[in-house]
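Have a look at the structure below before the remarks.
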Amino acid sequence: GLGFNIVGGTDQQYIANDNSIYVSWIKKDGAAYLDGRLQEGDKILAINGKDLKDLRHKDAVELFRNAGYYVSLKIQRRLQPQNGPVGHRGDGESGGLPLAAILVPGLALAATAVWILLRYRQRM
């Protein structure tokens, strides 16, 4: 997978009166963790150009599962309390989060490791 879990949706609101999809957990050493840009609490606005607005949780999960090898996320950084009023960093949105730089080599490495392990076991 992409190395993170999501919460939210029209049927499972994470925040009252908010149907958005949020990052709830990032797997240590997963693709998102290694990339370093995604953070727990970030709102995911779109995946591969597909708007996540007003989707049921399971429909959002399905989009992530079928995202493919090249993944681009449009996110909104969670609000961070600062010294003074609560505010954004910039406009709060990124231009996209291409995880392909981590996913493609990581998946290729994992597939190669599994293949080697299976070949090695067959010889024993």
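The values are calculated or read from the model by the stated rules, or taken from the named source; none is laboratory data. A quick note: this is a predicted structure, and the numbers were derived from the prediction, not measured. Neighbour counts run over all protein chains shown; Cβ positions are idealised from the backbone, glycine included. Note: accessible area is taken over every heavy atom of the protein model, side chains too, but ligands, DNA and RNA are not part of it. Shrake-Rupley method; radii C 1.70, N 1.55, O 1.52, S 1.80 Å.
Observations on the model:
- Quarter of Cα convex hull surface for the stretch 4-76, i.e. mean projection, nm²: 4.4 nm²
- When 7, 114 are compared by accessible surface with a 1.4 Å probe, the order from highest to lowest is 114, 7.
- The Kirkwood hydrodynamic radius of the stretch 1-44, based on inverse pair distances between different Cα atoms, is 10.7 Å.
- Annotation: for a label point projected 7 angstrom from Cα along Cα→Cβ of residue 39, residues of the stretch 1-26 with backbone N closer than 18 Å are 4-7, 21-26.
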